[in-house]
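Scroll down for the structure; my scribbles are underneath it.
Read the figures in this text as sums done on the coordinates, not as results from a lab. What you see is a predicted model, and the numbers here were worked out from it, not measured in a lab. Note that each Cβ is placed from the backbone with ideal geometry, even for glycine, and that neighbours are counted across all protein chains shown.
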Amino acid sequence: MSADPRAVKPPSYLGGEYGMRSWLLTLDHKRIALLYLLGITFFFLVGGLFAVLIRLELLTPAGDLFQSETYNKLFTLHGIFMIFFFLLPSIPAVLGNFLLPLMIGARDLAFPRINLLSWYLYIAGGLFATYAMLAGGVDTGWTFYTPYSSTYANSHVIAAALGVFVSGFSSILTGVNFIATIHKLRAPGLTWFRLPLFVWAHYATSLIMVLGTPVVAITILLVAVERLFHVGIFDPALGGDPILFQHLFWFYSHPAVYIMILPAMGVISEIIACFSRKRVFGYEAVAFSSLAIAVLGFLVWGHHMFVSGQSLYAGVVFSLLSFLVAIPSAVKVFNWTATLYRGSLSFETPMLYALGFIGLFTIGGLTGIFLATLAVDVHVHDTYFVVAHFHFVMVGGAVMAYLGGLHFWWPKMFGRLYPEMLARITTVIIFVGFNLTFLPQFVLGYLGMPRRYHVYPEEFQVLNVFSTAGASILGLGFLITAAYLPWSLRFGRKVGANPFDAAGLEWTTASPPLPHNFDAVPEVRTEAYARVPRAVEPEEEPAHV
Amino acid sequence: MFENFSLWPESASTVSGPIDALYLFLVGVSAFFVVLILSALVLFSIRYRRRPGHSASPIAGSMTLEIVWTVIPLAIVLFVFVWGTRLFVRVQTPPAEAMQFRVTGKQWMWKIQHPSGQSEINSLHVPLGEAVVLTMISEDVIHSFFVPAFRIKKDVVPGLYSTLWFTPTKAGVYHLFCAEYCGTKHSEMTGQVVVQDPAEYQLWLDGLPAAKNPVEAGALLFQNLRCDTCHSAAGVAPPGGARGPDLTGRFGSDVALADGQSMRFDARYVRESLLEPAKRLSAGFQPLMPSYQGQVREDEILSLIAYLESLQPADGPANAPKDGDR
């Protein structure tokens, strides 16, 4: 036994200390990432359950499964849980938390205690939202439009609003933590232009979290204040302005879209580089496009309000800026595609997700152009065209990247590999299910089917049946994933430090990593994704052979 | 289930054709880029798959390519921007001569008043080929007036007048949807737009019980709400002397306010003055007027506005200086 090198290794971050206390009071960014993983998976399943019920109801034109009131609560809770408690924290709080220190050669984030506090705030916010759900639900739509939310709705608006408000602080603190970490804790030699693109993407994301989230937090709080104390802020009957709410809400909530997609783009860059065995094509362009998206993203909120009664000139300006924000996204797609050129490509599950992401995000981005086009938006605004568009970006983009990243770094997080063939098949199931769910919705939208409709005219049924069928396949794919990933924790094949033969500091430490990440502070002498020949230990057989 | 199944919406207004053309152009551009990217993904995946004897070439990037794939998409989106904006301006600008309809939305119904005064609920009859302008306001939450066959939509907001116009080009019955989520029965806040031959429309209209047109209704309200005890209008002075400005010919002019600013006397100002009279007081008057908040419905306010708009002075243009102006 003493010949086994693993026998003398110190325990990983998963071992060593055991017990609830060692997890709930942990300051280790890796353990906190796993705490987030638990919370996020829970809320994803809750949000997914609501999606299933929505799609079941829409199988027929009549409202035969639920009351309208119930249906409205279903889509509201689906939106609130998926956006605020799954999508926004998903990649940054799980993968970002786990990987940022590892990628930059640091021992932890800059503020480990604040990191733990962020998780508790996230859970506290989630509990408020869960209370709102269990106490009877909330029916304002995740957008909380006034004066409906502030005066007219008879549901648990305040609890849900508090949930969003509190979890917002989690987001702000995570952003501050990431910014400080990236500025101050990079390993010697790791200059800004040697950083992995994942880190660049998280830096841009953190800027949005810190600058945008306070605005939505205050706005949602103002809704609660108007509801509780009848202070006229948004309700014209009290002397307020309902359009003001939309400006404040979208000032954050449009950039929030980029909080969800920028980290996803970072994940895709890492995966593409690894499975092409190449440096990402146009590294600087991809890095700067993240910053361009973060900056421009703050200037386009008015494109949600082209038919709200905002002035014609405001509409024209917001339209132009919205077209401009499309350019850096296009640049990324072109660069990822060019990275494949003359690479040495292999197609493990993360790569399949990445390729799927590129295709779906391209469609999601291009349909955004339709919505930036003033005259076309007038027709498709608030229809299923918009629903399809943002699900292409949020599910086809962010969720695909999250799953791709989860598979990619799964062996790093747990030291075991997921079942490769099953995972590949599941990826294809998810891809097919996704397209069948959401492609028909573009057609429905142009036909004029409004979103948030519990009952709908009969001529829309055929396309809705397709969409529901697709959702069943998509749901099946998610369930299989939710089954085999935990299974692999016990039964997956054990792997070494770098099973995918990837570049990057996180692959130079053990899988799962040591509590303090690195035995010695690494020094960086090469560009990101540089492929330096490494001595391969016997246990480090590449997983894909 | 397959009855009326279609993949393309009906096209029944003067703007629906041009909007479809722009949409199809965008579909074409998108299809081109999707095919381009997907072909590259598939081609590269096959050509550069990992196999013995093949290894990756280190390629860092290309400034030329970065410029090319920045500039070409930029040129395309700027072209689309100009096209979409010109069309939008057309969709937003009503013609000078149009039939004026008044729409109030409330949870969960549409009330629509014809220019001749008759009203209908959740349906809108219009004559074929006539330009129609809708002046809309909500009694409660935000709604949105959406007619897919016309490719038009506009939010209907409490406390704010919004307008929407269209010229129907095809007789038929079309969906009217509320597109902004407005509460429990949002999806039942629907109706129909019936486009009829002008003669048929007139026949249909004559079949409704006669009603006062908005100007007449507004004149009656002007008396019933006792506006005429303080305001002169149409040459009739209040018996006890005018305590408020003469409203004849005032609509459309700029009025001086007590705080030294000036304000266009328009629909918005009339509505605000009824509900919050002291907020923007006319110069030279005392804040004596009571608020009518909760005492007039939005459709009544619209009638009062129509009445005031109709009051043109006998002796000159609307903008001539009047009592109360400085």
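What to note about this one:
- Calculated on alpha-carbon atoms, Rg and Dmax of the range B:1-61 in Å: 21.4, 63
- What you get for the range B:214-310, charging only the Cβ of Lys and Arg (+1) and of Asp and Glu (-1), is a dipole of about 220 debye around the Cα centre.
- Mean-position separation - Cα centroids, the range B:186-254 and the range A:83-104, in angstrom: 60
- Counting all C-alpha pairs of the range B:142-232, share separated by more than 21 Å (%): 56
- Residue-count net charge about B:Phe146 - beta-carbon cut-off 13 Å; Lys, Arg +1, Asp, Glu -1: +1
- Sequence-distant residues sharing a close amide H with B:Ile152 (under 5 Å, placed H): B:Val147
- Taking the fewest neighbouring Cβ atoms within 10 Å as the starting point, the ordered list for B:Tyr161, A:Tyr283 is B:Tyr161, A:Tyr283.
- Our note on the geometry: Cα centres of the range B:255-305 and the range A:361-410, 46 Å apart.
- Calculated mean residue ellipticity, 222 nm, chain A: -21000 deg cm²/dmol, from DSSP H runs (n ≥ 4) at -39500 (n - 2.57) each, averaged per residue and rounded to 500.
- Residues whose placed amide H lies under 5 Å from that of B:Ala56, excluding near-sequence neighbours: A:Ser344
- FRET efficiency estimate (nearest 0.05) - Cβ-Cβ, A:Leu228 to B:Gln223, R0 45 angstrom: 0.60
- Residues B:Cys182, B:Cys227, ranked from the fewest to the most other C-beta atoms within 10 Å, line up as B:Cys227, B:Cys182.
- Neighbouring partner chain Cβ atoms per residue of B:184-194, average, 10 Å criterion: 5
- What you get for chain A, charging only the Cβ of Lys and Arg (+1) and of Asp and Glu (-1), is a dipole of about 1220 debye around the Cα centre.
- Calculated log₁₀ intensity ratio I(q)/I(0) where the Debye formula runs over C-alpha points of the range B:214-310, q = 0.11, 0.12, 0.14, 0.16 Å⁻¹: -0.28, -0.33, -0.46, -0.62
- A:Ala110 long-range amide H proximity, modeled H, under 5 Å: A:Thr181
- Mean Cβ neighbour count within 10 Å, used as a protection proxy, ranking B:68-80, B:51-63 highest first: B:68-80, B:51-63
- Each principal axis of the Cα cloud of chain A was taken in turn, and the coordinate range along them, longest first, works out to 77, 45, 44 Å.
- A:Leu127 versus B:Ala60: modelled label distance in nm, points set 7 Å from Cα along the beta carbon direction: 5.3
- Computed helical MRE - 222 nm, chain B, DSSP H runs ≥ 4 contributing -39500 (n - 2.57), nearest 500: -10500 deg cm²/dmol
- Scaling the Cα radius of gyration of the range B:53-205 by the globular reference 2.2 N^0.38 Å produces a ratio of 1.53.
- Separation of alpha-carbon centers, the range A:285-347 and the range B:39-64, rounded to whole Å: 26
- Phi-derived couplings, Karplus 6.51 cos²θ - 1.76 cosθ + 1.60 at θ = phi - 60°, listed residue by residue for the range A:472-489: 5, 5, 4, x, 4, x, 5, 5, 4, 4, 5, 8, 7, 5, x, 4, 5, 4 Hz, with x used for Gly and Pro.
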